[in-house]
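The values are calculated or read from the model by the stated rules, or taken from the named source; none is laboratory data. The model shown is predicted, which means the values in this text are computed figures rather than measured ones. Heads up, the Cβs are rebuilt from the backbone with ideal geometry, glycines too, and the neighbour counts pull from every protein chain shown.
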Amino acid sequence: MNIHEYQAKAMFRESGIKVQDGVHCTNVEEALSAYDSLGSAVVAVKSQIHAGGRGKGTLFDPASGEEVMQGGVKIAFSRDEVGEYASNISGNLLVTKQTGPEGKIVSNMYVESGCSIEHEYYLAVLVDRDSKSVLFMASTEGGMDIEEVAEKTPEAIHKIWADPMNGISEEDASGLASSLGLSGDSSGEMVEMLVSLYELFIERDCSMIEINPLVKTEDGSMVALDAKVSFDDNADFRHPWREELRDVSEEEEVEIRAHELGLSYVKLDGNIGCLVNGAGLAMASMDVIKLYGGEPANFLDIGGGATKESITAAFEIILEDSSVEGILVNIFGGIIRCDMVARSVIEASEEVGLDVPLVVRFSGTNHAEGKAVLDGSGMAVHTTSTLSEGARKIVELIGGNN
């Protein structure tokens, strides 16, 4: 789950992390009132969408498709400029590197006091699954795409790790501040920020915190000038407050519906629909499809307790995507029985009027019985015993590479 910058900065304030004063706005009038209340001669007018690269994005009129303005983050030096930028941002389509060409409609803005910047840095807090630790990654090259920095100047990226059992050590935090060339009060503020970010990351069950840029002001203060926070969905049950922060307008309607049905679904750009039980198996299925020259159209995990109803819903969701030319079902029977899934697949196929090639691979509990049910059904389905065979077959059936 992602949240907006203005919501993330509210969390930062609660945690003692320095941010500029700012006001959330939904229209031009509110933006002008925000400018009046902030009392800052210079402000930033920021579009709020769940995607990065806003500053380098392009705004378009959603009705005509005509370009309105370059940049979804603008520095305003007067009240008139605030009104101009807010009117160009609010309600228009913002296209960035991360949104893709379809872009996102801007329904929220954030007007924030300006600050005097001496230097910009990059800072992120992530889960490092390999080391089972919390990773802090920082760079002196703030304001740039971190992928570009990693590719061209990897030596500019500095890392420390915090063991979740012991937390972040002051020695490591001081070392990271030193790696960024910070000293004196700036170094002390950086260390305090790292400790606060770690506590926030753990307490809120975050999956990522990114600040780009983190700035050192001319008086040496360390200020989070941007804020991007994502949460681990698996911890939702511990945090009922998250629902208040959720902006469903930023999410795909079909993904919302899938979530309500207990399905984990993410739309992708390919043409092979995937119906799998288990996130790891779903990832492996997509990898093997690509290995044989195909492109997955979705990530769809029906979970271990799938029913005929949820399997039918999964088929319906997959087939709503007009780009789907074939479906691979990959089930490992544990709690779920493959023969039950087989009967559900038959019923679901009849109910939704399946008219694309279908390949099913079963393994685990009652896999032989499940295969026999499908093979004797009379429906046009290809059954295989291995994932490799299944992926190769569905790619072959839709005319892909072999």
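One residue alone among SER107, SER33, SER64, SER90 is surrounded by 19 or more Cβ atoms within 10 Å (Cβ to Cβ) and farther than 30 Å from GLY188 by Cβ, and that residue is SER90. If you go through segment 348-371 and pick out every residue that is surrounded by 15 or more Cβ atoms within 10 Å (Cβ to Cβ) and farther than 20 Å from GLU325 by Cβ, you end up with 9.
Taking segment 151-168 only, how many residues are assigned to a loop (DSSP other than H, G, I, E, B) and surrounded by 10 or more Cβ atoms within 10 Å (Cβ to Cβ)?
Kept after step one, since they are assigned to a loop (DSSP other than H, G, I, E, B), are these residues of segment 151-168: 153, 164-166, 168.
If we keep only those that are surrounded by 10 or more Cβ atoms within 10 Å (Cβ to Cβ) as well, we get 153, 164, 168.
Total satisfying the criteria: 3.
Residue check: is ALA150 out of contact with any Lys or Arg (no Cβ under 8 Å at 6 or more places or on another chain) and over 30 Å from GLU84 (Cβ atoms)?
On the way: out of contact with any Lys or Arg (no Cβ under 8 Å at 6 or more places or on another chain): yes; over 30 Å from GLU84 (Cβ atoms): yes.
When the stated conditions are applied, ALA150 passes them.
Applying the criterion of being part of a strand (DSSP E or B) and out of contact with any Phe, Trp or Tyr (no Cβ under 8 Å at 6 or more places or on another chain) to the residues of segment 48-77, the residue that is farthest from CYS115 (Cα to Cα) is PHE60. Tell me whether segment 185-197 contains one or more residues that are assigned to a loop (DSSP other than H, G, I, E, B) and more than 19 Å from GLY52 (Cα to Cα). Checked against the condition, which is being assigned to a loop (DSSP other than H, G, I, E, B) and more than 19 Å from GLY52 (Cα to Cα), segment 185-197 yields no hits at all.
Out of the residues in segment 236-271 meeting the condition of being of a type in the set (D, E, K, R) and assigned to a loop (DSSP other than H, G, I, E, B), tell me which one is nearest to GLU309 (Cα to Cα). Outline the logic, then answer.
Residues of segment 236-271 of a type in the set (D, E, K, R): 236, 238, 242-244, 246-247, 250-253, 255, 257, 260, 267, 269.
Restricting the remaining residues to those that are assigned to a loop (DSSP other than H, G, I, E, B) gives 246-247, 251-252, 269.
On the way: ARG246: 27, ASP247: 28, GLU251: 24, GLU252: 22, ASP269: 26 Å.
Selected residue: GLU252.
Against the test of being in a strand (DSSP E or B) and on the phi < 0 side of the Ramachandran plot, the options VAL82, VAL45 yield a single qualifying residue, VAL45. Condition check: over 30 Å from HIS259 (Cβ atoms) and at pLDDT 95 or above. Does ALA8 satisfy that? When the stated conditions are applied, ALA8 does not pass them.
Suppose we filter VAL360, VAL395, VAL373 for residues that are touching a Phe, Trp or Tyr at 6+ places or on another chain (Cβ under 9 Å) and not in a loop (DSSP other than H, G, I, E, B); which single one remains? It would help to see each step written out before you state the result.
On the way: VAL360 fails: touching a Phe, Trp or Tyr at 6+ places or on another chain (Cβ under 9 Å); VAL373 fails: touching a Phe, Trp or Tyr at 6+ places or on another chain (Cβ under 9 Å).
Going through VAL360, VAL395, VAL373 in turn, the sole match is VAL395.
Annotation note: of SER183, SER196, SER249, SER221, the sole residue that is polar (S, T, N, Q) and within 16 Å of the chain's Cα centre (by Cα) is SER249.
Only one of the numbered conditions (1) touching an Asp or Glu at 6+ places or on another chain (Cβ under 7 Å); (2) closer than 30 Å to GLU320 by Cα is violated by GLU255, and that is (1).
Evaluating ARG13 against the criteria (1) in a helix (DSSP H, G or I); (2) assigned by TED's automatic domain parsing to the domain that holds ILE105; (3) out of contact with any helix residue (DSSP H, G or I) (no Cβ under 6 Å at 6 or more places or on another chain) leaves one unmet condition, (2).
Within segment 359-370, residues that are without any contact (Cβ under 8 Å) to a residue 40 or more places away in the chain have Cβ atoms under 8 Å from residues that are acidic (Asp, Glu) and outside any strand (DSSP E or B) in these pairs: ARG361/GLU389; ASN366/ASP339; GLU369/ASP339; GLY370/ASP339, counting only partners at least 6 apart in sequence or on another chain. Determine whether LYS308 is farther than 16 Å from ASN277 by Cα and either out of contact with any Lys or Arg (no Cβ under 7 Å at 6 or more places or on another chain) or not charged (D, E, K, R) (or both). No; evaluated as a whole, the condition is false for this residue.
Yes/no matrix, rows are residues, columns are (1) within 20 Å of the chain's Cα centre (by Cα); (2) under 15 Å from LYS228 (Cβ atoms); (3) hydroxyl-bearing (Ser, Thr, Tyr); (4) in the same structural domain as ILE202 (by TED's automatic domain parsing):
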site	(1), (2), (3), (4)
SER37	no, no, yes, no
ALA41	no, no, no, no
GLY53	yes, yes, no, no
ASP61	no, no, no, no
VAL68	no, no, no, no
GLY72	yes, yes, no, no
GLU81	no, no, no, no
THR96	yes, yes, yes, no
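Reported count of residues in segment 303-335, each being free of Cβ contacts under 8 Å to residues at least 60 places away in the same chain and out of contact with any strand residue (DSSP E or B) (no Cβ under 8 Å at 6 or more places or on another chain), is 13.
Can GLY16 be described as surrounded by 17 or more Cβ atoms within 10 Å (Cβ to Cβ), in contact (Cβ under 8 Å) with a residue 60 or more places away in the chain and among the small types (Gly, Ala, Ser)? The answer is no for GLY16.
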